[in-house]
Amino acid sequence: MTNLSRFTGKTVIVTGSSTGIGEGIARRFHDEGANVVINARNAEKCAGVAATLDAERTLVVAGDVSQSAFADEIVSKTVERFGGLDCLVNNAGVADQGLLHKMSDVQIDRVIDINVKGVIYLSRAAIPELMKTHGSIINISSVSGIGGDSTLPLYNASKGAVTNLTRGLALQLGPKNVRVNAINPSVTRSDMVEGLTESEAAMRMIMNRMAIKRVGEPEDIAAAAAFLASEDASFITGVNLPVDGGTSASNGQANFMQ
């Protein structure tokens with residue numbers, strides 16, 4: 001637990017925060033004094049996380065970020081409860097491995113709807129509030145959004161969209177004093193990569209491509225998110241920050257999803 005209190009009185013929405021990276025980010029902001037909005041599709045898991053936090057500074061708004069109306073709802077409920085919004089962390093995401101020519105429309109829609117449309121819808125809904133507070137958006141992209149994986153072309157495409165959306169929004173919103181940055185994790189311990197981290201062969205290959213010989217932890221990503229949201233990063237926008245143990249320095253070899 002950090003002893004910092006950089007976000008006392010600030011309000012942060014963290015999507016996909018019932019487990020893994022999102023939960024780690026929500027806890028970090030909460031520990032630094034923020035009001036935190038917990039979101040995921042599973043209301044029971046959201047409630048479980050919220051039960052371990054200060055009830056006066058925590059709000060659960062469970063639902064599907066890929067639905068435009070829900071994006072508006074989560075922002076309006078946040079402002080109603082806490083009076084404003086200072087930071088949006090677009091973390092919710094899914095992956096689907098396989099050969100693109102064998103993927104169904106359902107698989108394609110699921111990845112694009114959550115990973116791309118969800119980020120767009122939430123950002124669109126949050127921007128008017130963030131302009132009032134001179135706040136920021138932090139997108140959780142992936143090293144797969146700045147490189148490629150042979151088994152994850154659809155995921156690569158979705159995270160590539162997030163990477164460039166970050167750059168474009170930073171240019172658009174900078175004059176309004178709203179900063180937009182992204183974090184690009186490599187393999188980070190979470191439900192999404194549980195099968196991968198349990199495979200000795202897969203982990204050996206991954207470790208060979210990393211300068212720091214371990215998988216990431218949610219706390220690693222949370223620390224970067226807290227920095228990017230803080231006043232210490234007040235002159236930083238449009239950045240896609242690899243937090244990947246050196247994976248992105250591996251001479252263009254395949255990357256791995258968060």
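A short reminder: the numbers here are calculations on the coordinates, not readings from a lab. Quick caveat: nothing in here was measured; it's all calculated off a predicted structure. Please note: Cβ atoms are built from the backbone with ideal geometry, for glycine as well, and neighbour counts cover all protein chains shown.
A few notes on this one:
- Scanning segment 15-36 for residues that are hydrophobic (A, V, I, L, M, F, W, C) and closer than 14 Å to Phe70 by Cα yields nothing.
- Inclusion of Leu169 among residues that are crowded, with 18+ Cβ neighbours inside 10 Å and over 14 Å from the mean Cα position of the chain (by Cα) is warranted.
Condition check ((1) within 19 Å of the chain's Cα centre (by Cα); (2) within 20 Å of Lys45 (Cα to Cα); (3) in a helix (DSSP H, G or I)) across all residues:
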residue	(1), (2), (3)
Ala71	yes, yes, yes
Lys77	no, yes, yes
Glu80	no, no, yes
Val94	yes, yes, no
Gln97	no, no, no
Val106	no, no, yes
Val111	yes, no, yes
Ala126	yes, no, yes
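- One residue stands out in segment 30-51 among those that are polar (S, T, N, Q) and crowded, with 16+ Cβ neighbours inside 10 Å: the one that is nearest to the chain's Cα centre (by Cα), namely Asn39.
- Note on segment 144-176: residues that are over 16 Å from Lys117 (Cβ atoms), outside any loop (DSSP other than H, G, I, E, B) and in contact with a helix residue (DSSP H, G or I) (Cβ under 8 Å, 6 or more places away or on another chain) total 5.
- Given (1) surrounded by 24 or more Cβ atoms within 10 Å (Cβ to Cβ); (2) closer than 24 Å to Val36 by Cβ; (3) among the charged types (D, E, K, R), index of the condition Lys159 fails: (2)
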